[in-house]
Amino acid sequence: SFQWRLEPGASFQTPEAALVWSDSGLGGMSRTYHDLFRRHLIRGQKKHRPALLNSWEACYFDFDHERLLQLGREAARYGIELLVVDDGWCGRRDTDTSSLGDWRVDLKKLPGGLTRLAEELADMGVKLGVWMEPEMISPDSDLYRAHPDYAMAVPGRTPTQARCQLVLDLTRKEVRDCVYDQISAVLRSADIRYLKWDMNRPLTDVYSPSLPPDRQGETAHRYVLGLYELQERLVTDFPELLLENCCSGGGRFDAGMLYYSPQIWTSDNAEAVDRLVIQEGAALLYPLSSMGAHVAACPSHVNGRVTPFAIRGQVSLTGCFGYELDLDKLSEEEQALIPGQLAEYRRFGPIFREGDCYRLASYRENHTYDAVMAVAKDKSAAVVSFVQVRSRASRRSLRLRLAGLEETALYRREDTGEVRSGAGWMRGGVLMEAVLSDYLGRLIYLEQVRE
């Protein structure tokens, strides 16, 4: 339904398409896209991505100040750097039926507001992050009661609600200013280092009273331009803020959003086996540094699958790592794995995020196992994440041929001490033992031997 009236002497800039060419298949295409986006598109907060604990699957809307401090103590106990307070902290938002657009702290839940919470978390060594859904408005909100015209609606028609919410008309400057003033007030009220910018419904009733009827075909495009302007203003005024976009996953995973948000929540389905496929698909175009990847609660709140904690951690390791569950409810055996998972993320995360990515095996294709490899840009080190989901019928070992190493350089495999040339590792590969049971995870680290 796009149309644009181009007045005499005016110009219109279309959205840009990013095209690459590869002489080495989809893998070469992916690595070129990854480099293109990392070098020329993603700005700010490029390298350090804190390990975080998100409150959503730990407590949903049911929290207060003390419950969040409890989560903060859990985070501090393990050296997790950031606590993200997800949905439920603003307005009167005890369910998803109200208060979007009222970005003021619920002082019944949080006496002292985010200011006090941030200060008490800081005393534990934990930073604060918050969730917002700035593009949406609840009909049951103070903002809607004051400005019902701020919501998109076609004259003479009842607007379509999804999740009890409507879409704010970001084509209008006064609406953008209203949203920005509220967000900036929240961010200035406390030491907030991370903002999860959510969008949980698509645009409908795409109509803006700021345009005449014969120019309504411009509305959707102007909406996105307004969104870009709003996020540009935000990251300019708060340069130390890590902005993560989110739209239940892929609905907002595009190159344009990465210019403002260096990472994007890959999917609300955080279950590890499904995430193998989701993250493989996203990595065809987007670098691993752009993917939010959390260890979620189990059984999965999305599909009910029971997946070992170690496997959930390893699948999340290749993205921007975090936990989205109540750590105190884990078994002692699971809790004992957390320090190792965090150490692996801090050690191997930079290679996954900044290195060259190679797909060695695809669970999407073979329905049994998955393997992804990242090689440091200077080829000094490499790490392989191998995840077996289902038992392999054969008792024969699997030979996993590596990729991307410097052929003549020598590499030592850390867990076995074996030394081979890069060519030797790539042609001879590594043997993954046949284990006749479901769920097996292996991390293989190679480092160049310096003479």
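The values are calculated or read from the model by the stated rules, or taken from the named source; none is laboratory data. All values reported here derive from a predicted model rather than from experimental measurement. For neighbour counting, all protein chains shown are included, and Cβ atoms are generated from backbone atoms with ideal geometry for every residue, glycine included. Please note that ligands, DNA and RNA were not included when accessible areas were found on the heavy atoms of the full protein model with its side chains. Shrake-Rupley method; radii C 1.70, N 1.55, O 1.52, S 1.80 Å.
Some notes on this structure:
- If you take all other residues with their beta carbon under 13 Å from the beta carbon of Met199, and give Lys and Arg +1 and Asp and Glu -1, the sum is -3.
- Extension gain from Ser210 to Ser1, taking 0.36 nm per residue of separation minus the Cα-Cα distance: 73.5 nm
- Length-normalised contact order of segment 294-432 in % [C-alpha pairs under 8 Å, at least 6 apart]: 16 percent
- Most to least packed among 297-306, 160-169, 115-124 [average Cβ atoms within 10 Å]: 160-169, 115-124, 297-306
- For segment 197-253, the calculated P(r) over all alpha carbon pairs, in 5 Å bins from 0 to the bin holding the longest distance, is 4, 16, 20, 22, 17, 13, 7, 2, 0 percent.
- The stretch between Ala423 and His367 holds 17.3 nm of extra length on full extension. This uses 0.36 nm per residue minus the Cα-Cα distance.
- Each listed q (0.11, 0.13 Å⁻¹) maps to a log10 I(q)/I(0) for segment 263-420 from the Debye sum over equal C-alpha point scatterers, namely -0.45, -0.63.
- Magnitude of the charge dipole for segment 302-451, about its Cα centre and with charges confined to Cβ atoms of Lys, Arg (+1) and Asp, Glu (-1), is about 640 debye.
- Both numbers refer to the Cα atoms of segment 248-314; Rg and Dmax are 12.2, 36 Å.
- Relative to its residue count, segment 80-201 spans a Cα convex hull of 103 Å³ per residue.
- Where only C-alpha atoms are counted, convex hull volume of segment 323-367 per residue in Å³: 132 Å³
- 18 Å tail of the calculated P(r), segment 1-158, as % of Cα pairs: 72 percent
- Calculated FRET efficiency, Arg401 to Leu26, Cβ-Cβ distance, R0 = 30 Å: about 0.95 to the nearest 0.05.
- Less than 5 angstrom separates the built amide H of Asp96 from none of the residues sequence-distant by 5 or more or on a different chain.
- Placing a label point 7 Å from the Cα of Arg157 along the Cα-to-Cβ direction, no residue of segment 119-142 has a backbone N closer than 16 Å.
- The mean accessible area for residues of segment 9-114, using a 1.4 Å probe and ignoring ligands and nucleic acids, is 48 Å² per residue.
- Counting DSSP beta bridges with both ends in the chain, the antiparallel % (nearest 5): 55 percent
- Surface listing: Thr307, Thr95, Thr408 arranged by accessible area from highest to lowest gives Thr408, Thr95, Thr307, probe 1.4 Å.
- Label zone of Leu241 (point 7 Å out along Cα→Cβ, amide N under 14 Å): in segment 252-294 this covers 260-262.
- Rg/Rg_ref, segment 369-451, where Rg_ref = 2.2 N^0.38 Å and atoms are Cα: 1.12
- Peptides 10-18, 327-335, 26-34 ordered by average Cβ neighbours within 10 Å, highest first: 26-34, 327-335, 10-18
- Length released on extending from Glu447 to Phe61, taking residue separation times 0.36 nm less the Cα-Cα span: 134.4 nm
- Values of log10 I(q)/I(0), in the order q = 0.24 Å⁻¹, for segment 35-81 under a Debye, Cα-only, solvent-free model: -0.84
- Once the Cα atoms are used to define both axes, helix 65-78 deviates from the longest principal axis of the chain by about 20 degrees.
- Lys, Arg +1 and Asp, Glu -1 on Cβ, resulting dipole of segment 152-220 about Cα centre, debye, nearest 20: 200 debye
- Comparing Gly88, Ala75, Ala58 along the charge dipole axis of segment 43-92, the residue lying farthest to the positive side is Ala75, per the Cβ-charge model.
- Shown here: the chain, whose C-alpha atoms stretch 70, 58, 42 Å along the first, second and third principal axes, sorted largest to smallest.
- Placing unit charges on the Cβ atoms only, positive for Lys and Arg and negative for Asp and Glu, gives the chain a dipole magnitude near 1260 debye about its Cα centre.
- Segment 165-270: translational diffusion in µm²/s, Stokes-Einstein, Kirkwood Rh over Cα pairs, 37 °C, 0.692 mPa s: 222 µm²/s
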